[in-house]
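Working notes for the structure below.
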Amino acid sequence: MKRYPLPSRLRRILKLLEKAEPLPDQTDVCWSGPFFISRRGKWHPSHFALYNGTLYCRLFIPPVSYGASWKLGSNDMEFERVFSGGDYGNDANLWKWALPQVERRLKSAVDNFSRYNRHVERHLPLSCRSGKIMRRLTWPKNIKSAIPARLIRALENVLRETKDRPLLRKMTLAQYLDTAAVAYDAAFKELRSFSPCEKYRKKADGRDGGMLNLPLHDGKAFSRWFRLQKWAGCHPWEIVFGHPHGIMISPRYHEESDRWSYRMWVDALGWYAPAARMAIALGRCWIPFELQDEKNVLDALKGIDEVDVGPALYMTHYDDLKEQRPDALSDIRWDPIALLIPITPAQRERIAWAARPNGR
């Protein structure tokens, strides 16, 4: 008789999961499963979700989230394609290694939930936990803000004053490029000798949606192109390319007054400081604009917002913080550790329903 080791193990794991309480406040039936330990000090959380007769499994092994699924009753396990680099391939070999550990620890939890939870709380390495800390506590001690304090004060003044600036009577391509040029000159000294259009071509996303084909000084042509959103799906306003987006300056049409202004926003954290210099320059040129999420930008520049601590790719890693700012370790606000507890009667019916294909 042919044996199917992974589905057989998943059947046993599901039976054990059915004895544990699903996560609260979740639409689907989900569990934070036991940790998979790839090597000493490297604990990786597992996660399971039961939906429409399929058990979805996930392992978080930074920087990759590995996913797989098993249709209840089948003899196959499907593996998600992994698009980013990691230490392992998402295939049967990984899951044959991880699932025995998960099953063993899950059985230990079901046998004695309190003992299992105490063990996890006692031994889970801090480098594998997640939490939050004030951003400035992750910087070197001698750095108080991302930009000089005088520039932060200037930015705050500009953002306060620009709200009362008179709006523009019209908008043309030339006006837009001139405005972008003011911003470019504030952040990129090497561009100052170029024309506004050349500056834009060197730094912008490049997908201008036909904007650069408009007549330079024809307000009606610009307005028609803008209001018909012929640029939809393109990035004409991303004046500085970034990932996922950089710095954007977009015209804003005010229907009630038939006037124009600008909306500025910055997406990638690495562009916050240049964007601040751009905003100050726009304000000093009496250009009417608003900065989206200005409080979040200011808080990040001051370092008074919170950042994530944890093992994931874009988090502040505990070991790095321990080396660079050991004085700040006590300021981490740790997230609660996901514990396993016995299932309550109210949840049994939810699990039974989720195990049915298509909810039947």
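Computed values, structure above
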{"quantity": "Qualifying position, being under 18 Å from LEU167 (Cα atoms), of a type outside the set (Val, Ile, Thr) and free of Cβ contacts under 8 Å to residues at least 40 places away in the same chain, among ARG252, ARG259, ARG201", "calculated": "ARG252"}
{"quantity": "From the options PRO7, PRO24, PRO34, residue that is assigned to a strand (DSSP E or B) and not aromatic (Phe, Trp, Tyr)", "calculated": "PRO34"}
{"quantity": "The stretch 80-103 - residue that is of a type outside the set (A, V, I, L, M) and buried (at least 17 other Cβ atoms within 10 Å of the Cβ) and, of those, nearest to the chain's Cα centre (by Cα)", "calculated": "ASN90"}
{"quantity": "Some residue of the stretch 21-37 being crowded, with 17+ Cβ neighbours inside 10 Å and closer than 18 Å to GLY89 by Cα", "calculated": "yes"}
{"quantity": "From LEU106, LEU177, LEU173, residue being farther than 24 Å from ASP305 by Cα, of a type in the set (A, V, I, L, M), buried (at least 19 other Cβ atoms within 10 Å of the Cβ) and assigned by TED's automatic domain parsing to the domain that holds ILE61", "calculated": "LEU106"}
{"quantity": "Every pair of residues 6+ apart whose Cβ atoms lie under 8 Å, when the first sits in the stretch 65-78 and is modelled with pLDDT under 95 while the second is assigned to a strand (DSSP E or B) and basic (Lys, Arg)", "calculated": "SER65/ARG58"}
{"quantity": "Every pair of residues 6+ apart whose Cβ atoms lie under 7 Å, when the first sits in the stretch 228-248 and is of a type in the set (Phe, Trp, Tyr) while the second is surrounded by fewer than 16 Cβ atoms within 10 Å (Cβ to Cβ) and in a loop (DSSP other than H, G, I, E, B)", "calculated": "TRP231/GLY210"}
{"quantity": "Residue match in the stretch 238-249 (condition: touching a His at 6+ places or on another chain (Cβ under 7 Å) and outside any helix (DSSP H, G or I))", "calculated": "yes"}
{"quantity": "Among residues of the stretch 254-284, those that are over 22 Å from ASP205 (Cα atoms) and in contact with a Ser or Thr (Cβ under 8 Å, 6 or more places away or on another chain), counted", "calculated": "2"}
{"quantity": "Matching residues in the stretch 62-109 - criterion: being assigned to a strand (DSSP E or B), among the aliphatic types (A, V, I, L, M) and farther than 16 Å from SER38 by Cβ", "calculated": "ALA68"}
{"quantity": "Failed item in (1) in the same structural domain as ILE247 (by TED's automatic domain parsing); (2) surrounded by fewer than 17 Cβ atoms within 10 Å (Cβ to Cβ); (3) not in a loop (DSSP other than H, G, I, E, B); (4) not aliphatic (A, V, I, L, M), with SER114 passing the rest", "calculated": "(1)"}
{"quantity": "Residue count for the stretch 117-137, restricted to those that are surrounded by 17 or more Cβ atoms within 10 Å (Cβ to Cβ) and part of a helix (DSSP H, G or I)", "calculated": "6"}
{"quantity": "Enumeration of residues in the stretch 182-215 that are of a type outside the set (Lys, Arg), part of a loop (DSSP other than H, G, I, E, B) and surrounded by fewer than 14 Cβ atoms within 10 Å (Cβ to Cβ)", "calculated": "SER193, SER195, GLY206, GLY210, PRO215"}
{"quantity": "The listed residue being touching a helix residue (DSSP H, G or I) at 6+ places or on another chain (Cβ under 7 Å) and among the hydrophobic types (A, V, I, L, M, F, W, C), out of LEU124, LEU137", "calculated": "LEU137"}
{"quantity": "Scan of the stretch 17-64 for residues that are acidic (Asp, Glu) and free of Cβ contacts under 8 Å to residues at least 24 places away in the same chain, ordered by number", "calculated": "ASP25"}
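The values are calculated or read from the model by the stated rules, or taken from the named source; none is laboratory data. All figures in this text were calculated on a predicted structure; none of them were measured in a lab. In this analysis, Cβ positions are derived from the backbone assuming ideal geometry, glycine residues included, and neighbour counts consider all displayed protein chains.
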